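Here the structure is laid out as structure tokens; the discussion comes afterwards.
Read-outs: derived from the displayed coordinates by stated rules, not from any lab. Just so you know, these numbers come straight off a predicted model, no measurement behind them. Cβ: placed from backbone, ideal geometry, glycine included. Neighbour counts: every protein chain shown.
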Ligand SMILES: [Zn+2]
């Protein structure tokens, strides 16, 4: 069965399908813990194709900043150049998805008219690669897969130096606010069942909120020995890549088995079937994240400033 994750924007792509486009470049890239098999499809010139491979090496290495290696040792990446679509044309990477029909394949549609420098600051590839840190999750619990990828796209872009700490926390805070305003009458599971066309922001950012709450709780109670990074590290060692569909409770129970006291299932029981949005305001306040208009101020004297910095930089506090 074809399983697709994360159709980021509902663009109508006026390109050939990836199955029929000739390859401009087929190559492999060694990154920490993995070999990427990369195919850049036509139309693209040789110089741009080589630049895109260098960018993919960088974007995939971002994900190794979670626990030291890429989650799938053998991943296929397909790059489909496009410069014409109905909307969403400003992004260098307007569309991406993970396909899990025969191994794991990440497909990225790229705007080859944009200078390569712009690609490094774009979060789409980091988001898509971050999906590989989890198995395929059923549609009712899709907020977990989209949310964890949305959390990590910001955390990992910060760790890689593409966002400042303040930029990353501003983007997370803005996302939580968009999620809080989206379909407040629905629970997380109901939003996922409604689908991304009806509840996109709720699906993406409620799951990111759960990821943040779990991460902070793990780091705080363990003095930094435990973290979301470490739990996902254990998940990869035990269970990934996985060829089957997991439920959210199954995943969260497995993650809880790697930590001293359950964190994930208590969050699931508290929020998954309740209307509204996970309450992240107290955690952000304790982390010292203050939003002033278009910028975030990070308080160095905040109670959990060290945890905030550990999340931003990928080190134990
Ligand atoms: Zn996604």
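Taking label points 7 Å from Cα along the Cα-to-Cβ direction, residue 102 and residue 313 give a separation of 4.6 nm.
Annotation: the residues 102, 229, sorted from fewest to most other C-beta atoms within 10 Å of their own C-beta, follow the order 102, 229.
Rounding to the nearest 10 and keeping the result within 0 to 90°, find how far the Cα-based axis of helix 142-159 lies from the longest principal axis of the chain. Here the helix axis deviates by roughly 80 degrees.
Shape summary of the chain, radius of gyration then Dmax from alpha carbon positions: 18.8, 57 Å. Of 104, 51, the sequence from fewest to most neighbouring Cβ atoms within 10 angstrom is 51, 104. Rounding to the nearest 10 and keeping the result within 0 to 90°, find how far the Cα-based axis of helix 46-63 lies from the longest principal axis of the chain. Once rounded, the angle reads 20 degrees. Could you state the angle between the C-alpha long axis of helix 165-181 and the longest principal axis of the C-alpha atoms of the chain, as a value from 0 to 90 degrees rounded to the nearest 10? So the inclination is approximately 80 degrees. Among 130, 74, the ranking by other beta carbons within 10 Å of each residue's beta carbon, starting with the fewest, stands as 74, 130.
Could you state the number of Å between the C-alpha centres of segment 115-161 and segment 246-306? The distance from the Cα centre of segment 246-306 to that of segment 115-161 comes to 17 Å.
Under the 0.36 nm per residue contour assumption, what length would be gained going from the current alpha-carbon distance of residue 257 and residue 45 to full extension? Here the answer is 71.4 nm.
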